[in-house]
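The values are calculated or read from the model by the stated rules, or taken from the named source; none is laboratory data. Computed from a predicted structure; not experimentally measured. Here the Cβ is made from the backbone with ideal geometry for all residues, glycine too, and neighbour counts use every protein chain on show. Heavy atoms of the whole protein, side chains included, go into the accessibility calculation; ligands, DNA and RNA do not. Shrake-Rupley method; radii C 1.70, N 1.55, O 1.52, S 1.80 Å.
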Amino acid sequence: QVQLVESGGGSVQAGGSLRLSCAASGRTGSRYAMGWFRQAPGKEREFVAAISRSGRSTSYADSVKGRSTISRDNAKMTAYLQMNSLKPEDTAVYYCAATETTLIGTTSREYNYWGQGTQVTVSS
């Protein structure tokens with residue numbers, strides 16, 4: 001089993017930045033594509049960003065494109081999500097996910113492993 005643990009969440013004012021981390025442990029490695037999703041209260045989980053197993057391909061939701069950067073360090077078995085120019089609508093629990101695929105997954109059903117989430121709160 002692969003375990004994913006998110007960190008780096010917190011409370012910031014609009015316009016601020018956060019860097020989320022997703023540390024993997026257990027049976028893992030570069031075979032996994034990684035993704036970030038978020039879920040606000042009363043709303044469905046939505047795609048944020050994803051990165052291929054090699055790190056050479058990335059995908060972003062329109063809502064965060066231009067403000068966020070997903071990256072990974074396979075040696076450290078860690079994925080990152082740098083979020084800048086944060087807005088109140090970015091407030092949500094952010095989840096890290098991993099999947100054994102050569103394609104970038106942009107939907108929840110494509111991912112096999114999930115972290116428990118980290119809270120991001122952006123105030124006006």
query: Roughly how compact is the chain, stated as its Cα Rg over 2.2 N^0.38 Å to two decimals?
result: 0.97
statement: In Å², rounded to a whole number, the accessible area per residue of the range 69-109 with probe 1.4 Å is 49
field: Spin-label pair Ser71/Ser17, simplified geometry with 7 Å Cα→Cβ offset, distance in nm
entry: 1.0
message: As an exercise, take the mean of 1/r over every pair of distinct alpha carbons in the range 47-91, invert it, and state the Kirkwood radius in angstroms.
response: 11.2
statement: Share of accessible surface on carbon and sulfur in the chain, whole %, 1.4 Å probe and ligands ignored, is 43
- prompt: Want the number for Ala61 to Ser123: 0.36 nm per residue separation, take away the alpha-carbon distance, what's left?
  reply: 20.2 nm
Neighbourhood charge, 14 Å Cβ-Cβ cut-off, centred on Leu103 and excluding it, Lys, Arg +1 and Asp, Glu -1: +2
query: Which order do peptides 33-40, 89-96, 69-76, 110-117 fall in by mean Cβ count within 10 Å, highest first?
result: 33-40, 89-96, 110-117, 69-76
